[in-house]
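The values are calculated or read from the model by the stated rules, or taken from the named source; none is laboratory data. These figures come from a predicted structure and were not determined experimentally. With ideal geometry, Cβ positions are generated from the backbone for all residues, glycine too; neighbour counts draw on all protein chains shown. SASA here: full protein model, heavy atoms, side chains in, ligands and nucleic acids out. Shrake-Rupley method; radii C 1.70, N 1.55, O 1.52, S 1.80 Å.
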Amino acid sequence: MFNIFKKKPKAQTEDKNPFEIPSNWEHNYIYGFIGGNPYQTISDLNAVVEIIKNTVGQRGFIAVDTIFHPYNLVNHKGATAWDLAWFKVFVQDNGKFIQEIGDNKNATVVKAKTLNLKDNFRIWPNDDLNPEKNEQYSKYVPFVFPYLVYKDNNEPHWIKMINAEIELQGHAQTYIENFNSVFSKFVKGHVMTLGFGEFDKENLDDLVEKFTSFYENNMKN
């Protein structure tokens, strides 16, 4: 007679390396306004590395070589630029390189054209950044520069840099302007870097509101 109350043995699953779990990686970004096309590739990969290193410090990272309009960051299936970049790095050697990056021993830049996001994007419910609805965003065009780092409990490098500069001179304009100057060498249009954030695809309004709030509080006449 079968014992229907007997516990079934748990399936034997191989423990994954924590670096091989996508949710263990932060989906970070630099964001701002640009007076021009918000989808531009930075052809000089050394410039991409310089920008990200100035953000994360001496850490491994996965960067993307392109600035995006926020509405181009998620494809019609719900995969984000971060998801696609992480997966592309992972599958190239079944996770060996991703471990080096997580261990802060390496870094890489993924080409956005391989992610198929430019014309394959999801329509966001919040259309406040649509210039046909709010014409200011045809002049001040939002852009996002995505990158990933492995999660740790340390304070981000960019926060340390900003705090140190504020303590030294009362503001962090020099640090921010450095991003503007590097971006401006490799993209067309005036760049205004606003700050840094972590992307949450379950709360798309958070990213939209970073731009709308800044405009309303600092730029609107």
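To the nearest 10 degrees, how steeply does helix 157-169 sit against the main Cα axis of the chain, on a 0 to 90 scale? That helix lies at roughly 30 degrees to the long axis.
Under 19 Å of direct C-alpha separation, and excluding same-chain neighbours fewer than eight residues apart, residue 185 reaches these aspartates and glutamates: 44, 50, 65, 177. A simple rule links phi to the HN-Hα coupling: the Karplus curve 6.51 cos²θ - 1.76 cosθ + 1.60 with θ = phi - 60°, which for segment 204-210 gives 5, 4, 4, 6, 4, 5, 4 Hz, with x for Gly and Pro. Here's the picture: a label point sits 7 Å out from the Cα of residue 139 along the beta-carbon direction, and within segment 151-190 the residues with their amide nitrogen under 20 Å of it are 188-190. Spin-label model, residue 77/residue 219: points 7 Å from Cα along the beta carbon direction are separated by 3.4 nm. Cross-link pairs exceeding 21 Å in C-alpha to C-alpha distance, out of 16/53; 96/160; 111/151; 96/151; 139/188; 77/113, comprise 16/53; 96/160; 111/151.
Quick one: if the Förster radius is 45 Å, what FRET efficiency do residue 94 and residue 190 give, using the C-beta to C-beta distance and rounding to 0.05? Mind dumping the intermediate values first?
On the way: r = 43 Å, r/R0 = 0.96.
E(calc), rounded to 0.05, equals 0.55.
Axis angle, to the nearest 10 degrees, between helix 81-91 and the longest C-alpha principal axis of the chain: 50 degrees. Can you find, among 143, 40, 123, the residue sitting farthest towards the positive end of the charge dipole of the chain, where Lys and Arg contribute +1 and Asp and Glu -1 at Cβ? With unit charges placed on the Cβ atoms, the residue in question is 123. Computed from label points 7 Å out along Cα-Cβ, the spacing between residue 201 and residue 37 is 2.6 nm. Here the chain exposes an accessible surface that is 49 percent carbon and sulfur, computed with a 1.4 Å probe and the other protein chains kept in place. If the chain linking residue 152 and residue 178 were pulled fully straight, counting 0.36 nm for each residue of separation and taking away their Cα-Cα distance, it would gain 6.8 nm.
Charge dipole (Cα centre; +1 on Lys/Arg Cβ, -1 on Asp/Glu Cβ; no other charges) of the chain amounts to roughly 780 debye.
Against the main long axis of the alpha-carbon atoms of the chain, helix 173-186 sits at an angle near 90°. The region of the chain that goes longest without hitting one of the trypsin sites (Lys or Arg not before Pro) in a DSSP loop, each with at most 10 other Cβ atoms within 10 Å, is 134-219.
Note on residue 87 and residue 50: the extension gain reaches 11.0 nm, defined as 0.36 nm multiplied by sequence separation minus the Cα-Cα distance. When shorter helices are ignored and each DSSP H run of at least 4 residues is given -39500 (n - 2.57), the per-residue value for the chain at 222 nm works out to -10500 deg cm²/dmol.
Sketch the reach of a paramagnetic label on residue 159 as a point 7 Å from Cα along Cα-to-Cβ, and name the residues of segment 191-221 whose backbone nitrogen lies under 19 Å away. Counting backbone N atoms under 19 Å from the label point, the list is 194-200, 207, 210.
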